[in-house]
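Below you'll find the structure, written out as structure tokens, and then a few comments.
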Amino acid sequence: MSVIASTVVALANAAHPVPDISIVAQETQVSTGGLRKWIEDNIVFTILVVIACVVLTGGLRGNLSKVFTVGGLTLVGLAFVGIATSETAAKGLGNWVLGLFGINA
């Protein structure tokens, strides 16, 4: 038992080299451009196909109120995705809203 204790004390008192932090740190810029592009390419198309199926099924059943509701919400969702994925659309939309109140930015 004393052999283990002396080994632990020897290891605790030993001089350890300082780790090189530059190896651990990331040297590249982090961005969400790749994620945004992947969402635009894959998820948006899949959601549009699902919504198209819902609209067609509702139209075949004669449930026109559901068709117009889903169609209108789809347009709102597509507008939101368009604004979110464009870097200049949010600024243009903000300037337009301020222009409604007579503020020129």
Legend entry - Set THR28, THR7: member being hydroxyl-bearing (Ser, Thr, Tyr) and at pLDDT 75 or above: THR7
Inset, instruction - State which residue is modelled with the lowest pLDDT when the search covers only the stretch 45-88 and only residues that are touching a helix residue (DSSP H, G or I) at 6+ places or on another chain (Cβ under 7 Å) and within 19 Å of LEU35 (Cα to Cα). - result: THR85
Inset, instruction - Any chance you could count how many residues in the stretch 76-105 are among the polar types (S, T, N, Q) and surrounded by 12 or more Cβ atoms within 10 Å (Cβ to Cβ)? - result: 3
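The values are calculated or read from the model by the stated rules, or taken from the named source; none is laboratory data. All figures in this text were calculated on a predicted structure; none of them were measured in a lab. Here Cβ is always computed from backbone atoms with ideal geometry, including for glycine, and neighbour counts include all displayed protein chains.
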